[in-house]
Each structure stands twice: as C-alpha cells, then as structure tokens.
Amino acid sequence: MPEPWERALRNCIQQVPDESDLDYEPGVMGLRPLKERVEVLSAEQAAALGWFALADVAVWPQVDGGRGARIADALEHGQEVDLGAAGGRREHATVGAKAAKALLGFATAGQKRVQKPDEPAPDASTLQQAVNEVARLSQDPDGYWTEWLLRVVPAAARMGAS
C-alpha cells in the first residue's frame with residue numbers, strides 16, 4: 001500500500017497542466033494538488049521538501065558555468081553583479097534568484113515547524129509560484145513540472161522520514 005505522500009505525488013503528477021486543460025497556461029501548476037501534497041507530509045518531510053526545492057533551484061542553469069566563480073566572488077565581496085544582457089540568461093538568473101529567496105522562506109518555515117509543532121506549515125503557494133516561474137523558462141514547462149515532482153518530492157519524503 002502506497003504511503004500518503006506517494007498517493008499525493010501521483011495526484012500531483014496527474015494534475016500537471018497540459019494542452020487538454022480548459023485554462024491551459026504552459027508550466028503553471030495549480031495550487032490545490034501542491035497544497036494537498038504538502039499537507040500529507042510530516043513536518044520533517046515538509047522541511048526536507050523546502051531544502052531540496054531550494055537546492056534544485058540553486059543548481060538550475062541560471063548563468064553560464066564559466067561565470068559562476070566570478071559571480072560568487074563578487075557576491076562575497078558585496079560588489080554589484082553583472083548578469084549580462086537583458087533576456088536569455090539574465091532572465092534565468094533573475095528568476096532563479098527570486099525563486100531561491102522564496103524557497104528559502106518555505107524551507108525556513110518548514111524547519112521552524114519541526115522545532116515547534118504549533119508553528120504553521122510552510123505555504124504551498126510559495127512553492128507553487130517559485131517552481132512555476134522556473135518552469136516557464138524551460139523549453140518544456142509542463143515536462144519540467146513532472147520531472148521536478150519526480151526528482152524532488154521522493155527524495156525529500158524519504159530523507160525527512162529518516
């Protein structure tokens with residue numbers, strides 16, 4: 001018998017948007033399946049989901065790999081970071097930074113709940129909005145959601161359960 005998180009994951013995957021949806025917008029996952037997904041997780045699993053989601057966005061290709069060290073050095077020294085020309089990779093970097101900041105809030109809320117069970121659960125809409133933004137920049141935004149769910153959720157659920 002599947003675990004509650006596995007059933008919720010299957011439900012999420014079945015609700016990844018596609019062209020047959022009436023209000024189809026590529027890469028835009030609805031809130032309800034994600035909210036249900038977060039609600040069935042233990043506090044530890046929800047915190048792990050936040051950290052795994054943040055890690056996933058952190059390694060998402062936001063800037064060319066060759067520029068990574070220079071950008072890291074500039075950030076470390078408090079210098080202005082040039083992300084390049086508008087559009088393309090600059091847009092990826094902007095979306096990635098915004099998503100990472102939002103997901104840090106989600107992960108932190110999850111961690112607080114682990115330490116104090118009376119704290120509110122992390123807000124599923126934060127997760128939804130951050131990953132929607134990243135998915136929209138993918139060549140296959142709907143596929144991105146499916147891959148993201150299959151990559152991040154099981155890892156977080158298993159890690160948080162241990």
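Could you grab the pairs with beta carbons closer than 9 Å, sequence gap of 6+ or different chains, first residue in the range 132-143 and without any contact (Cβ under 8 Å) to a residue 40 or more places away in the chain, second one assigned to a helix (DSSP H, G or I) and acidic (Asp, Glu)? What qualifies is 140/147. Of all residues in the range 28-38, one or more are in contact (Cβ under 8 Å) with a residue 24 or more places away in the chain, farther than 26 Å from residue 114 by Cα and buried (at least 17 other Cβ atoms within 10 Å of the Cβ).
In a residue-by-residue description of the range 107-120, the property of being at pLDDT below 90 and either assigned to a loop (DSSP other than H, G, I, E, B) or under 13 Å from residue 44 (Cα atoms) (or both) applies to no position. The range 1-88 holds helices (runs of 4 or more DSSP H) entirely within its bounds, and those carrying 3 or more residues that are at pLDDT below 75 map to 68-76.
The values are calculated or read from the model by the stated rules, or taken from the named source; none is laboratory data. These figures come from a predicted structure and were not determined experimentally. FYI the Cβ positions are ideal-geometry reconstructions off the backbone, even for glycines, and counts take in every protein chain you see.
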